[in-house]
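Only one structure is covered here, and it is reproduced in the block below.
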Amino acid sequence: MANIKNQKFIALDISGKNYLSWVLDVKLYLSAKKLRYTIDEDNAASNEERVTALIFLRHHIDDGLKYEYLTVENPLELWQNLNDRFEHLKAVVLPKALND
């Protein structure tokens, strides 16, 4: 229960149902902390910056996802893995939102 108080926003659900809002929240938070580039291709982030971003990302994903991506030690790799897994949800969610 203590972890909930430390979260900046809702963790990414293992089903991905909140993926789109989670992506926006992560990008905004990392931008505010000047760490947004750690999830961009070909970044020159220091090891400390990568670790800080990775800790943040892992803190904001479902425990099941944490265990599934336990060996991932780079925030860019984790970001890409999650994107590959949930990106298809844009095709499902966005057209519905446009019709509402």
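Of note:
- Cα→Cβ-extended label distance, 7 Å offset, between residue 85 and residue 10, nm: 1.8 nm
- 3J(HN,Hα) along region 27-34: 4, 5, 5, 5, 5, 4, 8, 6 Hz, from the Karplus curve 6.51 cos²θ - 1.76 cosθ + 1.60 with θ = phi - 60°, whole Hz, x for Gly and Pro.
- Taking all protein chains into account, the per residue accessible area for region 18-92 stands at 58 Å² (1.4 Å probe).
- Amide H within-cut-off set for residue 12, under 5 Å, with H built and near neighbours excluded: 61, 62
- Residue 46/residue 77 FRET efficiency (R0 22 Å; Cβ-Cβ; nearest 0.05): 0.85
- Simple point charges give the picture: +1 on the Cβ of Lys and Arg, -1 on the Cβ of Asp and Glu, and for region 18-92 a dipole about the Cα centre of about 280 debye.
The values are calculated or read from the model by the stated rules, or taken from the named source; none is laboratory data. Being a predicted model, the structure only gives us computed values, none of them experimental. Heads up, the Cβs are rebuilt from the backbone with ideal geometry, glycines too, and the neighbour counts pull from every protein chain shown. Accessible surface areas use protein heavy atoms only, side chains included; no ligands, DNA or RNA. Shrake-Rupley method; radii C 1.70, N 1.55, O 1.52, S 1.80 Å.
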